[in-house]
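Visitor: To start, I am sharing the structure in question, which I have written as structure tokens.
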Amino acid sequence: MLTPSQTTLRTSWPGHYFDGRTTTRHQVTITLEPSGLELHLADGSRSWWPYHEVTQAQGAYGNEPVRLERGGPRAETAPEALVVDDPAFLLALQKIAREEARRFAGPLDRRSRLQVILLATLGSIAAITAIIVWGIPALAELAAPLVPTSWETAFGDAIAPQLAPAEGRCTNGRLRESVDKLVMRLAAARPASPYRFHVTVVDSPVFNAYAAPGGQIVIHRTLLKSTKTPEELAGVLAHEMQHILQRHATKALIRDLSMAAIVAAVFGDVSGIGAFAVQGARTLTTLHYNRQTEEEADREGFRLLQAARIDPAGMVRFFETLKKHTGEGAVPGYLSTHPETDERIAAMKALAAELAVQPDPLLPDVKWDEVKNLCR
Amino acid sequence: MKMGTITDGITKNSSELESSPGTAPFPIHRLAFHGSGEDLFDIFIINLLKTIVTFGIYSFWAKVRTRQYLWSQSEFAGDRFGFHGTGRELFIGWFKAAVLFGGLVALTNLLPFLSDEPWLDVVSQLIFLGGFMALIPLAIIGSMRYRLSRTSWRGIRFTFRGRYQPFLRLWVRGLFLTGLSLGLYYPVYRTNTRRFLVEHTFFGSAPFRFNGNGGDLLVRFALTLLLTIPTLGLIWVWYAAHQRRYYWDHTSFAAARFHSTVTAGSLLGLYAVNLALIVISLGLALPWATVRTKRYDLEHLVLRGPVDLNHITQQAQTATPVGEELADLFNMDALPG
């Protein structure tokens, strides 16, 4: 029974047939039937292609002839092919074949194409944001515990001579003794830690302090001199020790590697652009991640001080000193990757309000004003 | 009539006759690229989303989609090419290539831990270098085999029938002589490699032929070397254009010969605009740059002469994509130029 729409549809189309054995181009007339295609070759022979055996190889994009293939399911055997130049053939095929022909698709019209592009673009942006904000940090948290701490220690020990060259170290006995006592008091508050902390004071005019993975901490003499009490230095050390305890360097490395792997997968074999994109992504995300890392080191450092019964007011005071330095523009190295000092002070005051700890005195028999100026 | 059997069904608009006084007319078969940057961008952006969401696993299927489009939009003498690879086989190929290369890296990194002997360090580095050198020709051969075996025209597959060992010998000997001659041997070495790759390429049962001789490029190569610094390296575009013309003009198929119309000026224009497009768009214009390159490559190449297509029959070949993915791991293109 014919419906009105079928009566107006064109069911006979000219095309070319390739048998998959020779390059000969056979003229063919194709008749569209509800369950398959009937092929009439110029030599009079006929062939029947049921739709479920037919796949579409070409014709889904503009400027492409429609190409249908049959047989050759394995990639090594060539299928028979049917090529029709008129794209309207697909529309007729879709109407006549109904359900079965849904997978035969021509080029999208302009509007649906714009919608697809827009959706894919928004989706990509959302996915990239989600990966950067949640995915990669979550992966780093999961993977970092799998890295043996001995690797971190070996790495830290290997780079220590570069960070603190022997000739630049402050080796004064009294200074060393005071600093070591301070570190021991802090470390005793975390007895289960797998790291052995070692602090080196370096005679450098740059206002800075940093931690290498595995336990090595470096304090520059200029920073040391600016501390008014041992409690202030303890604040700085607690912050740096938390970088080590929280394995921030290892996590940063995992983040960098996974980012590079994703960028490489997205850009495929275009290595130049890939490298360019990795660098860009690193620059953009380093700021974001560093802020989180520093906030964590502040917070956990503060708790470490409380656990060691050291007055955390010293840490807050040190940040106030730091703020003054910022005003003078004297501490670019330390501040460039750190959050706003005001925010940090406010966050610590909030922590202090949460839990009041009765502090024990720190290095009561050390004249800090004298000791902090010693070097050799 | 003779022509009827010779060109057998090649459509009129894409093949024409060129006649010069005194000689018989012979047909010209053109290549063309019909793709558009917009269509490729569609594919690119959807591939991007799916690749990100699957943490990179979709990239193999993405590669297949991109190739299907690029192959389908490439035309020779009125008919389109087809790409028949699958994402699944590329994924498996990548896995094998990664194991092969990863195994070499792991082996040569762990070897020094076996004992404290200092010579073990040297030996493991030599093994790594040797292994790497042996894997590069494997990657080239493998990706030629894979790519050609998955490419069809008029339903007939291409094949690559070169074997690994002779290619490895050619490769190592060429590198050695290039080093020994302080680089001057390079065009000969490069041309020998090209000859090997072209002469083992078949369309169905019919081979391609190459009769170039690296010696023909020597003078130009030496001149290019001399002028590299004064021209800030730009002279290499001139050399690349010449080499490309030389290689294609010495490549033939059946009784027909390829002819390339690439010039240094147009090549430089192509590179400069593509670079500008990619940099300004932060990579988003990559599809347009790809389309420009494809169109340039195909429109500057013709096949002149009679081609007897009636005697070409299907000769299927199995090929795994291990070499293809190995080539990708090393970031190289099997047949540049």
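Where a number appears in this text, it was derived from the coordinates with a stated rule and is not lab data. A quick note: this is a predicted structure, and the numbers were derived from the prediction, not measured. Here the Cβ is made from the backbone with ideal geometry for all residues, glycine too, and neighbour counts use every protein chain on show.
Visitor: Tell me, what does the Kirkwood hydrodynamic radius of chain B come to in angstroms if you use every pair of distinct C-alpha atoms?
Guide: 22.4
Visitor: Now a separate question. FRET efficiency for residue B:266 and residue B:220, Cβ-Cβ distance as r, R0 = 22 Å, nearest 0.05?
Guide: 0.75
Visitor: Nearest 10 degrees, 0 to 90: what angle lies between the long axis of helix B:59-72 and the longest principal axis of chain B (Cα atoms)?
Guide: Relative to chain B, helix B:59-72 is tipped by roughly 20 degrees.
Visitor: I need to check one value: relative contact order of the stretch B:35-101, counting alpha carbon pairs closer than 8 Å and at least 6 residues apart, in percent.
Guide: 27
Visitor: Where does chain B land at 222 nm, in deg cm²/dmol rounded to the nearest 500, when only DSSP H runs of n ≥ 4 count, each adding -39500 (n - 2.57), divided by all residues?
Guide: After summing the helix terms and dividing by the residues of chain B, the value is -18500 deg cm²/dmol.
Visitor: Something else: For a Förster distance of 22 Å, can you work out the FRET efficiency between the beta-carbons of residue A:176 and residue A:225, rounded to the nearest 0.05?
Guide: Rounded to the nearest 0.05, the efficiency is 0.85.
Visitor: Here is a further query. Taking other Cβ within 10 Å of each residue's Cβ, how do B:79, B:121 sort, fewest first?
Guide: B:121, B:79
Visitor: Also: Could you check the simple spin-label distance between residue B:175 and residue B:227, using points 7 Å along Cα→Cβ, in nm with one decimal?
Guide: 3.1
Visitor: Taking the inverse of the average 1/r across all pairs of different Cα atoms in the protein assembly as shown, what Kirkwood radius in Å do you get?
Guide: Computed over the protein assembly as shown, the radius equals 31.1 Å.
Visitor: Okay, helix-only estimate at 222 nm for chain A: each DSSP H run of n ≥ 4 adds -39500 (n - 2.57), divide by all residues, round to 500 deg cm²/dmol; what do you get?
Guide: -16500 deg cm²/dmol
Visitor: Using a Gaussian network model of chain A with C-alpha springs under 10 Å, which one of A:38, A:343, A:177 is most mobile by mean-square fluctuation?
Guide: Looking only at A:38, A:343, A:177, the biggest GNM fluctuation is shown by A:38.
Visitor: May I pose another question? Sort A:184, B:144 so that the residue with the fewest other Cβ atoms within 10 Å of its own Cβ comes first and the one with the most comes last.
Guide: Ascending number of Cβ neighbours within 10 Å: A:184, B:144.
Visitor: So who's got an amide H within less than 5 Å of the one on residue B:308, skipping anything under 5 residues away but keeping other chains? H placed 1.01 Å off N, in plane.
Guide: So residue B:308 has HN proximity to B:255.
Visitor: Mind checking the angle between helix A:271-307 and chain A's longest principal axis? C-alpha axes, 0 to 90 degrees, to the nearest 10.
Guide: 40
Visitor: Arrange the following residues from fewest to most other Cβ atoms within 10 Å of their Cβ: B:193, A:286, B:201.
Guide: Neighbour counts put them in this order, fewest first: A:286, B:193, B:201.
Visitor: I want to verify a result. In a Gaussian network model of chain B, Cα cutoff 10 Å, which of these has the top mean-square fluctuation: B:311, B:250, B:29?
Guide: Residue with maximal mean-square fluctuation among B:311, B:250, B:29: B:311.
Visitor: If each of residue B:315 and residue A:346 carries a label point 7 Å out from its Cα toward its Cβ, how far apart are those two points in nm?
Guide: Label-label distance for residue B:315 and residue A:346, simple model: 7.8 nm.
Visitor: Among DSSP beta bridges whose residues both lie in the protein assembly as shown, state the antiparallel percentage, nearest 5.
Guide: Once the DSSP bridges in the protein assembly as shown are tallied, antiparallel ones form about 95 percent.
Visitor: Moving on. Label residue A:196 and residue A:162 with points 7 Å out from Cα along Cα→Cβ: what is the distance between them in nm?
Guide: For the pair residue A:196/residue A:162, the computed spacing is 2.4 nm.
Visitor: Identify, among B:243, A:126, A:223, the residue whose Cα sits farthest towards the positive end of the charge dipole of the protein assembly as shown, taking +1 on the Cβ of Lys and Arg and -1 on the Cβ of Asp and Glu, with the dipole about the Cα centre.
Guide: Final value for the positive-end residue is B:243.
Visitor: Taking 56 Å as R0, compute the FRET efficiency from the Cβ-Cβ separation of residue A:63 and residue B:163 and round it to 0.05.
Guide: The calculated FRET efficiency here is 0.90.
Visitor: Next question, about the same structure. Taking chain A as the reference, fit the longest principal axis to its C-alpha atoms, fit the long axis of helix A:88-97 to the helix C-alpha atoms, and give the angle between the two in degrees, 0 to 90, nearest 10.
Guide: It works out to around 80 degrees.
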